[in-house]
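Report on the structure given below.
The values are calculated or read from the model by the stated rules, or taken from the named source; none is laboratory data. Computed from a predicted model, the values in this text were never measured in an experiment. Note that each Cβ is placed from the backbone with ideal geometry, even for glycine, and that neighbours are counted across all protein chains shown. For the accessible areas, the whole protein counts, side chains as well, though only heavy atoms, and no ligand, DNA or RNA atoms are used. Shrake-Rupley method; radii C 1.70, N 1.55, O 1.52, S 1.80 Å.
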Amino acid sequence: MSKIALVLGATGGIGGAVAQWLTAGGWTVRAMHRAPQNVAVKHGYDWHTGDAMVASDVAAAAQGASLIVHAVNPPGYRDWDKLVLPMLDNSIAAARANGAKILFPGTVYNYGSDAFPDIAEDAPQHPTTRKGAIRVEMEARLRAYAQAGAGSVLIVRAGDFFGPGSANNWFSQLVPAGKRPAAVSHPGRRGVGHQWAYLPDVAETMVRLIETGGLDAFATFHMDGQWDADGTRMTDAIVRALGDPAIPVRKTPWWIMRLASPFVPTLREVMEMKYLWERPVRLSNGRLRDVLGSEPRTPLDEAVRATLTSMGCL
């Protein structure tokens, strides 16, 4: 297997973290961007000009690659129904031409309440949201690609991302970027658990699995990440990192977001996922532990401090 990887979404959170881990592991990383000349930090990647919505661009960038990391999403999570599936189809076509493995970051959106609260890798996928139905269709297309025998697929599913380089995520709803916060917001209910995933840990897990032999052609793994059992562990860690125990933790004003959502597309997408804060939902990592022995896990306080520093909050 050639150690050439095309990373789609290398300027994003998970794509960027995976690209850095691949580079550290001796991979040649190609990154595609509509305007690579505007990317501030190049990280030594082989940059290609292109658009994930253009099949010929993806095919050209993927020539000779044995791995395609499909970590690209529409800006602001908007227009999923129009953009997400065509982008994935382009990655699958490019992978087929090279016999490549596809690495795909999975989500909990695929599951409905029948799979809660503890979700195994083989749990039924009965989504209750529009975005969840699209994610299920994406994985169905990936499964068909793997079963056709042209290449393989690795899906790693984790909780809500946080970490250096991440943006437009739930952590940024707790603490806005760019300044020291006067308060910490919390979207959940006290006593309701929530699952988080630190990006460097997710990336390390993905790369270790990529380099593990003997996986199924269509392999799915779940990460446990940082489990906040009662909804206070994460906000307490943020307060500790800020160094001021007097900083208040306030409940997210969902009613304001609901009123504004018809006029703010990003808030509309956020409201669709509100149900994941209303009851505990936890991915079970039994299969991952069987294969890797243990899951990479940075101490929470260290992970939160690194995240806040990268956001300009410290």
Only one of these is closer than 21 Å to ALA197 by Cα and open to solvent by 50 Å² or more (accessible area, probe 1.4 Å): ASP114, ASP118, ASP160. Name it. ASP118
Here is a list: SER91, SER172. Which entry is of a type in the set (S, T, N, Q) and under 18 Å from ALA65 (Cβ atoms)? SER91
Tabulated pairs, the stretch 230-254, first at pLDDT below 95, second open to solvent by 50 Å² or more (accessible area, probe 1.4 Å), C-beta under 6 angstrom, 6+ apart or interchain: ASP230/GLY191; GLY231/ARG190
Can you name the condition, by its number, that ASP57 falls short on among (1) closer than 30 Å to TRP277 by Cβ; (2) crowded, with 16+ Cβ neighbours inside 10 Å; (3) of a type outside the set (A, V, I, L, M, F, W, C)? (1)
So which residues in the stretch 229-267 are touching a His at 6+ places or on another chain (Cβ under 7 Å) and part of a loop (DSSP other than H, G, I, E, B), if there are any at all? GLY231, THR252
So, first residue under 12 Å from ALA115 (Cβ atoms) and of a type in the set (A, V, I, L, M) in the stretch 267-288, second residue open to solvent by 40 Å² or more (accessible area, probe 1.4 Å) and modelled with pLDDT of 90 or more, Cβ within less than 8 Å, six or more apart or across chains; the pairs are VAL281/PRO117
Quick one: VAL270 ticks every box in (1) under 20 Å from ALA177 (Cα atoms); (2) touching a Leu at 6+ places or on another chain (Cβ under 8 Å); (3) part of a helix (DSSP H, G or I); (4) among the aliphatic types (A, V, I, L, M) bar one, so which box is it? (2)
Report the residue count in the stretch 1-35 for those that are under 22 Å from the mean Cα position of the chain (by Cα), not in a strand (DSSP E or B) and not aromatic (Phe, Trp, Tyr). 17
Evaluate the following for LEU283: is it surrounded by 14 or more Cβ atoms within 10 Å (Cβ to Cβ) and in contact with a His (Cβ under 8 Å, 6 or more places away or on another chain)? yes
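What number of residues in the stretch 89-109 are in a helix (DSSP H, G or I) and either β-branched (Val, Ile, Thr) or touching a residue at least 40 places away in the same chain (Cβ under 8 Å) (or both)?
As a first pass, look at the stretch 89-109 and keep what is in a helix (DSSP H, G or I): 89-98, 108-109.
Now narrow it down to the ones that are either β-branched (Val, Ile, Thr) or touching a residue at least 40 places away in the same chain (Cβ under 8 Å) (or both): 89, 91-92, 94-96, 98, 108-109.
Summing the residues that are in a helix (DSSP H, G or I) and either β-branched (Val, Ile, Thr) or touching a residue at least 40 places away in the same chain (Cβ under 8 Å) (or both) in the stretch 89-109 gives 9.
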Please work out which residue is farthest from LYS3 (Cα to Cα), limiting yourself to the stretch 65-85 and to residues that are touching a Lys or Arg at 6+ places or on another chain (Cβ under 9 Å) and outside any helix (DSSP H, G or I). ARG78
Which ones in the stretch 169-211 are aromatic (Phe, Trp, Tyr), open to solvent by less than 10 Å² (accessible area, probe 1.4 Å) and either assigned to a strand (DSSP E or B) or in contact with a His (Cβ under 9 Å, 6 or more places away or on another chain) (or both)? TRP196
Residues of the stretch 121-157 satisfying the condition of being touching a strand residue (DSSP E or B) at 6+ places or on another chain (Cβ under 9 Å), in a helix (DSSP H, G or I) and open to solvent by less than 30 Å² (accessible area, probe 1.4 Å): ARG135, MET138, GLU139, LEU142, TYR145, ALA146
Please go through the stretch 213-228 and pick out each residue that is in a loop (DSSP other than H, G, I, E, B) and at pLDDT 95 or above. LEU215, ASP216, ALA217, MET223, ASP224, GLY225
How many residues does the stretch 23-52 contain that are within 16 Å of ILE210 (Cβ to Cβ), touching a helix residue (DSSP H, G or I) at 6+ places or on another chain (Cβ under 6 Å) and among the hydrophobic types (A, V, I, L, M, F, W, C)? 1
Inspect the stretch 79-88 for any residue being of a type outside the set (A, V, I, L, M), touching a helix residue (DSSP H, G or I) at 6+ places or on another chain (Cβ under 8 Å), surrounded by fewer than 20 Cβ atoms within 10 Å (Cβ to Cβ) and in contact (Cβ under 8 Å) with a residue 24 or more places away in the chain and give the result as yes or no. yes
Regarding the stretch 235-254, can at least one residue be identified that is buried (at least 18 other Cβ atoms within 10 Å of the Cβ) and of a type in the set (S, T, N, Q)? yes
